[in-house]
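Visitor: First the structure, which I've put down as C-alpha cells, then a few questions once you've had a look.
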Amino acid sequence: MAQGKGNAAGTVIVAIALLGLMIHCEIVNAATQTINWTFNVVNWPRGKSFRAGDTIVFKYAPSTHNVVVVDANGYASCKTSAGAKVFTSGNDQITLARGQNYFICTFPGHCGGGVKIAVNAV
C-alpha cells in the first residue's frame, strides 16, 4: 500500500513539472511585432499571424498620436467608451488577448485617416 502512495505522489510531481514546461513553452512562443503607428496603417495586420500573448509595440511621437484599446463599435465609429485604456508613451507594448483586438488613435481626424488596426489573435 505504501508503494501505491509513492507512485501517486510521483505522478503528481511529474504532472506539475509538465504543466510548468507547457506554460514556459507558451511564453517562449509569444512573438513581438512593431508597428510604425501613423496614417494608413489600417491594413498593417493583413497577411500577418497573431497569437494570444503576442506583443505589438506601437512606435510614434507622443505629441502626434496615442493608442486606445476599443471594442468593435469603437473601432467602427472611431469613438471610445468610458474607461478605455489610453497609451501615450510612443513606445507602447500591448499584449494581445485571444480574439479580436482593436486599437485606434483619438487625435482629431486620425482614426478616420486610418490610424487604427484590428488584430485577430488565435
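No lab work stands behind these numbers, since they all come straight from the coordinates. Since the structure is predicted, the reported quantities are computational estimates derived from the model, not experimental observations. Every residue, glycine as well, gets a Cβ built from its backbone with ideal geometry; the counts of neighbours run over all protein chains shown.
Visitor: Quick one: which residues, 5 or more positions from Asn101 or on another chain, have an amide H under 5 Å from its amide H? H modelled 1.01 Å from N in the peptide plane, none for Pro or chain starts.
Guide: Amide H to amide H, under 5 Å and 5 or more residues apart or across chains, Asn101 pairs with Val119, Asn120, Ala121.
Visitor: Still on this structure: If you rank Val67, Val57, Val42 by fewest surrounding Cβ atoms within 10 Å, what's the result?
Guide: With the fewest neighbours first, Val67, Val57, Val42 line up as Val57, Val42, Val67.
Visitor: Mean separation of Cα pairs under 8 Å and 6+ residues apart, divided by the residue count of the range 31-121: what relative contact order is that in percent?
Guide: Values: 194 pairs, mean separation 34.3, N = 91.
Across the range 31-121, relative contact order equals 38 percent.
Visitor: Here's something else I'd like to know. Across the range 96-112, in residue order, what do the Karplus-derived ³J(HN,Hα) couplings come to in whole Hz, using 6.51 cos²θ - 1.76 cosθ + 1.60 with θ = phi - 60° and x for Gly and Pro?
Guide: 7, 8, 5, x, 7, 10, 10, 9, 9, 9, 9, 5, x, x, 6, 4, x
Visitor: Could you check how many percent of all C-alpha pairs in the range 74-122 are farther apart than 15 Å? Numbers along the way, then the final one.
Guide: Details: 577 of 1176 pairs.
Tail of the P(r) past 15 Å holds 49 percent of the pairs.
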